[in-house]
Amino acid sequence: MFSSRPNLIKAVAVVLALFGTIVSFERVRQQSYLRQLITNGDPLRVAVFGSSQSWGAILKDRFDAYPYRISPRVDNFAYFASGPNYPAVCSQSIIGDKAVYDLILLEYYVNGAENGLAELARRLRERFPKAIIIVMKFYGPFDAIRKDSPDAASGVTLKEWKQSLGLTGGKLNDLVNAIEKDSGHWKFREHPNTDRAINKVVREIGGYQFHLPTADEPQKRLVNYLRFFDKDTNQHLAEKGHAWVADMCQKIVKRHLLKGKMTDQVDKAEVGTWGRGDLCDIWKTTGAMTIPYSTGSAKLTQYDIKRGKFALEFTQDSWLDVSNDFKDDRTLYLSFISTSAAGTYPKVDAIVGGVTTVLDPTADAKSDPKAVGVIKTIAVGKLPAGVVTRVSLNPSEVGTALPFRLVGATFTNEEVTPVEYGFGPNFNV
């Protein structure tokens, strides 16, 4: 009985090897089959929401940014210095009702992920139940702080430290050598609230997350980061950084295809709903206003030719005729230009159904520190379903430097609220 054991072991080994080959072949076959099902032989359909990193800032060719390295079929909804609140409120208006995506990328780590990321991710998951959603944590050199000692009360940023040594605009190797030889204490700013927000939403929607590689020793970590970011400001990903991010995203996609729940990926065209829906009409960057208004007292004007900024301007009593085409009553939000410089724009009384809301174009110094103007958004009342409501807009001040400037009107899904300052698309420059 025991004499036959070596032969039995050999036989089992042969079977296991054969089984392993079959399993390996089956995984490859399924991966190829699923990729065929998801993309129909075409490149992945990608949507990206984020900041200037995802748009491709500072690159010679912005189409070398990581989304375009993943696929040529990209809808890029990233805006400079923007957080997730605007796309969370206006997902349907931004994307439309015809698009379908295989891969959705969300990049808001340093731009207010706590204010809107969860809502944006939920709405995208409800609309695209089969899409792969990746949430990114872009740590970077901008988070590095140097102190003379661990117990020092304060420190300086990398930018400030570079300036003190005359290394601004120098060669990357000179900066790396200076950091490696430095005897100071380096650490990285932490973002615990953002980390918790991202971790929670990734679990909730069944998504993925990743971050740039880290090292236990802060100086080594900083040196690693510098090779991924532009050498001048150390703020934006360089080509090498974009290439690495694209490679990581592609690996996540491949891992997703091999997870095992193969039948979940069969219907590539499946889409869900937009829930209660939204309707965002923001004309500041386009000049495309669809709402009827009092043409005798108000005028749609390109008030900034250089930047292409548009607004409905008026100094006299005016009105909008706003149609609520939803099946339920909806809150109307109006967006207008505000500034911290006193006396620039007049206050306006917005009257809906006999109820007055004051549109005050005064911004606080934190929201408009350079007094250059910032979008302010206010709820003016609930409009009944299925009818057109006249919204009266009556200036209550005269003699201001500039006319009142209205730039948008929004119906939300009644679940996500626009931020007071900075709501709407930004210019990408």
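The values are calculated or read from the model by the stated rules, or taken from the named source; none is laboratory data. These figures come from a predicted structure and were not determined experimentally. Methodologically, a virtual Cβ is constructed for each residue, glycine included, from the backbone with ideal geometry; neighbour enumeration extends over all protein chains shown. Quick note on the areas: whole protein, heavy atoms, side chains included, nothing else; ligands and nucleic acids left out. Shrake-Rupley method; radii C 1.70, N 1.55, O 1.52, S 1.80 Å.
Values for this structure:
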read-out	value
Qualifying residue in the stretch 338-357 (condition: out of contact with any Pro (no Cβ under 6 Å at 6 or more places or on another chain) and in contact (Cβ under 8 Å) with a residue 60 or more places away in the chain)	no
In the stretch 175-194, residue most open to solvent (accessible area, probe 1.4 Å) [restricted to those that are of a type in the set (S, T, N, Q) and in contact (Cβ under 8 Å) with a residue 24 or more places away in the chain]	ASN193
Verdict on ALA197 being small (Gly, Ala, Ser), under 17 Å from the mean Cα position of the chain (by Cα), buried (at least 19 other Cβ atoms within 10 Å of the Cβ) and not in a helix (DSSP H, G or I)	no
Residues located in the stretch 359-392, provided they are loosely packed, with under 15 Cβ neighbours inside 10 Å, touching a residue at least 24 places away in the same chain (Cβ under 8 Å) and not aliphatic (A, V, I, L, M)	ASP364, PRO369, PRO384, GLY386, ARG390
Hey, GLY166 of a type in the set (Gly, Ala, Ser) and surrounded by fewer than 19 Cβ atoms within 10 Å (Cβ to Cβ) or not	yes
Which numbered condition ALA121 misses (of (1) open to solvent by less than 30 Å² (accessible area, probe 1.4 Å); (2) at pLDDT below 90; (3) among the aliphatic types (A, V, I, L, M))	(2)
Helices (runs of 4 or more DSSP H) within the stretch 11-113 that include 3 or more residues within 18 Å of GLY241 (Cβ to Cβ) and either within 26 Å of the chain's Cα centre (by Cα) or at pLDDT 70 or above (or both)	52-55, 66-70
Any chance ASN115 is surrounded by fewer than 22 Cβ atoms within 10 Å (Cβ to Cβ) and free of Cβ contacts under 8 Å to residues at least 12 places away in the same chain	no
Residue selected from the stretch 144-163 under the condition open to solvent by less than 60 Å² (accessible area, probe 1.4 Å) and part of a loop (DSSP other than H, G, I, E, B), by the criterion modelled with the highest pLDDT	GLY155
